[in-house]
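Written out below as structure tokens is the structure these notes cover.
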Amino acid sequence: MTKTASHPKNNWLAPGIVFFIALIARFFYLIELPANPLFDYFPSSLDHFNFDQSAQSFASGDILAQATNNSFAPLYKYFLGTLYFLFGRDLQAIYAVQFVMGSVACVLVYFIGKEAFGIRAGIISGLILALYSPHIVYEGIILRAAFISFWGVASLFFLFRLRRFLNTTNLIVTTLVVSLFFQGRPNTLICLPPICFYLHKYIFIQLPNSLRKKSWLIFWGVLLGSFIPLLVQCYLVHGKFVFFDASGPHTFISGNLIEYSGVGFQHEIVDDYQKKQALGYSSNIQFLFGHILDSPLGFILLYVRKLFFFLNNFEPPTNISFYLYQDFSKLLPLLINHFGIISSLGLAGLVIAWKNKNLNFLLFSYFFALTIAILIFLNEARYRIPIVPVFILFSGYTLDRIFSSISRKNFYNSTLIISCVAILLFVFKEPPQMIRARSNDYGNMGEAFLHKGNLEAAQNAFEVAVKERPNNVYARINLGRIFALKGNRKLAAEQLIFAININQDFWQPYANLGTIYAESGRYSEAEKFLLKANELQPHSEDILFRIGDMYSRMYQHQNAIKFLEQSIEKSPNNTQALNLIGIEYELLGFREKAIQFLEQSTSVDSGNYNAFNNLGVLYQKSGWLKKAIQAFKNSLKANPQFKEALNNLATVQKSSTP
């Protein structure tokens, strides 16, 4: 083991520098983040959306932290929910906390590197992680990749520390940290056997028999006991036993079919598989036995491809494209961006450590166990993040050996190491024509821009999405929405008809096209498409409202009321529906009911200036002038420039003056 002596007074200088540099890099990135439209808006197709929903549910009092999709392990949801409870849904504060955790992880990497390979290797390793931009990006996202990476590094640190500071308290703390690492994503449980061997061979061996048994009881008792709360949560949410995460079967099978390219997530492979087989671990494993026997060479080549993409520069897009995130930052391109450099240095460090008999069992175990844990599933950028610190530790050792060889003027050794790293770097370079951003990535950006009202940026993003994949039905629908918002109904209709031709069983283009036709006065076509949307997606309050609005435009008041009532039944606080049904009842002569619905609309939304104005008109017609005046004032409070309310208020005030 190579170690460099340091003066006791300077023990905290190096980790302090590492922490400061890590924090400064993350601080400047945090300042840039709001320019990214996905900073605080998450389309429903992203995993962020479900974590965000779960966190809001927990912060609002739902102890189960439920969301639309509950398949992900709940630990990160509770962490996020606690932050939402403390700070509200303040994404800048949430990211700041995660960046501080990332900076702490850099310091822990320093200490692990110092313990395993010496202080210089520790400093180099800590600084590499401090400036490694993909890790920083995932720290600034509502995803669990960097969260799992933090607990992986923390578990390594505390397990290392246990060799020198073994007592009951430290054993309990270490076990809890290891437990949190496992609960973040259960595939990390592959590290448990080597951890147990490490405890047996290097930690508990120094204890007398009675204390050894007690230590094992503490370890297993704390580990299994700490699993119980989230296992109970999973059982209550899923109605059956789930070992933390229910999302594994589809990622497992999609990464183990011979047709898999070896990189990213390919929906079509899983879709084809599900047409023939049930999706579950037991059925997946049974299928794979036959699948491997049918083509053993094909299966071997699959893992060669997966290993290649695992080690190379390419950051496979999934949920997000790292490369699109880079486009919104001036800082990220200046940092360390290429995993191929880290993997090449890391593999060299692994060999050098083996050659020098610096066989740190725990570090080697994490390296191989986490590599296997990732390879048996999918090659996606975020899945690789938790193993990055381990590769960086071996990278730091490689650079330390190069510097040491140069300082000793052993140029043969330094040249040999550099040459081997250069060869590996060449082998692991990103293949040409890799898709750095998918059609869906541009679509998600477009949806975020659209949500923020930036129509031009949204249109550009959706047009790129369509160019990348012409049959992207969601991009076509959203382009239709943008053209409609811009008043170009012809182009909007063209995009929506294109979307219908792509997928005739999807309700949304029918609903949007029907709405455009209704607004254009083409009622027979509007009725046809809106009723088709209702057939494909029955009981949708949005579609029911659109149909009610269409019949209102057609002066079919009874039909309008029928569908509006159904919409309100599904969504009692839909202020648009409440306002419109109030108008419809007034037109049919049911003023009392009209006032009832308009009052309900204004009670739900005090900013609904249209509803207040309509209510004021009905109060005035009923002779309730004071109420009318107040309603018009409330309308103007919500929108001071609303001319109709200004005129109505002036009229009623004039008529009420003696």
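The values are calculated or read from the model by the stated rules, or taken from the named source; none is laboratory data. Quick caveat: nothing in here was measured; it's all calculated off a predicted structure. Please note: Cβ atoms are built from the backbone with ideal geometry, for glycine as well, and neighbour counts cover all protein chains shown. With ligands, DNA and RNA removed, areas are computed over all heavy atoms of the protein, side chains included. Shrake-Rupley method; radii C 1.70, N 1.55, O 1.52, S 1.80 Å.
Quick check, is Y555 open to solvent by less than 30 Å² (accessible area, probe 1.4 Å) and of a type in the set (F, W, Y)? The answer is no for Y555. Residues that are in a helix (DSSP H, G or I) and free of Cβ contacts under 8 Å to residues at least 60 places away in the same chain were ranked within the range 122-165; the one that is farthest from Y323 (Cα to Cα) is L162. Considering the range 525-610, the qualifying helices (runs of 4 or more DSSP H), each wholly inside and each with 2 or more residues that are within 17 Å of A628 (Cα to Cα), run over 575-587, 591-604.
Cβ separations smaller than 7 Å between residues 6+ apart or across chains give the following pairs from the range 422-444 residues that are more than 24 Å from Y41 (Cα to Cα) to residues that are open to solvent by 60 Å² or more (accessible area, probe 1.4 Å) and of a type in the set (A, V, I, L, M, F, W, C): L425/I341. Residue pairs whose Cβ atoms lie under 6 Å apart, sitting 6 or more positions apart in sequence or on different chains, and linking a residue in the range 278-306 that is free of Cβ contacts under 8 Å to residues at least 40 places away in the same chain to a partner that is open to solvent by 70 Å² or more (accessible area, probe 1.4 Å) and part of a helix (DSSP H, G or I), do not occur here. Looking only at the range 623-637, residues that are open to solvent by 40 Å² or more (accessible area, probe 1.4 Å) and at negative phi come to 8 in all.
Would you mind stating whether T188 is in a helix (DSSP H, G or I), in contact with a Pro (Cβ under 8 Å, 6 or more places away or on another chain), touching a residue at least 12 places away in the same chain (Cβ under 8 Å) and open to solvent by less than 30 Å² (accessible area, probe 1.4 Å)? Yes; evaluated as a whole, the condition is true for this residue. Within the range 483-509, the set of residues being over 21 Å from R469 (Cα atoms) and touching a residue at least 12 places away in the same chain (Cβ under 8 Å) comprises A484, L485, K486, R489.
Taken over the range 75-95, the criterion of being within 18 Å of D62 (Cβ to Cβ) and touching a Leu at 6+ places or on another chain (Cβ under 9 Å) is satisfied by L75, Y76, Y78.
Checked against the criterion of being in contact (Cβ under 8 Å) with a residue 40 or more places away in the chain and among the aliphatic types (A, V, I, L, M), the candidates I218, I228 yield just one match: I218.
Note on the range 355-466: enclosed helices (runs of 4 or more DSSP H) holding 2 or more residues that are open to solvent by less than 50 Å² (accessible area, probe 1.4 Å) and within 30 Å of C191 (Cβ to Cβ) are 361-375, 381-384, 388-407, 411-427. Select from the range 9-49 the residues that are polar (S, T, N, Q) and more than 15 Å from N444 (Cα to Cα) and write down the one among them that is farthest from the chain's Cα centre (by Cα). Ranking the candidates gives N10 first. Checking the structure you have, find out if any residue of the range 236-250 is closer than 29 Å to G346 by Cα and either among the aromatic types (F, W, Y) or open to solvent by less than 40 Å² (accessible area, probe 1.4 Å) (or both). There is at least one residue in the range 236-250 that is closer than 29 Å to G346 by Cα and either among the aromatic types (F, W, Y) or open to solvent by less than 40 Å² (accessible area, probe 1.4 Å) (or both).
With respect to (1) surrounded by fewer than 21 Cβ atoms within 10 Å (Cβ to Cβ); (2) in contact (Cβ under 8 Å) with a residue 12 or more places away in the chain, the lone exception for N209 is condition (2). Go through the residues of the range 291-309 one by one and say whether even a single one is at pLDDT 95 or above, open to solvent by 10 Å² or more (accessible area, probe 1.4 Å), in a loop (DSSP other than H, G, I, E, B) and more than 19 Å from A381 (Cβ to Cβ). Within the range 291-309 (the criterion being at pLDDT 95 or above, open to solvent by 10 Å² or more (accessible area, probe 1.4 Å), in a loop (DSSP other than H, G, I, E, B) and more than 19 Å from A381 (Cβ to Cβ)), the answer is no, since none of the residues qualifies.
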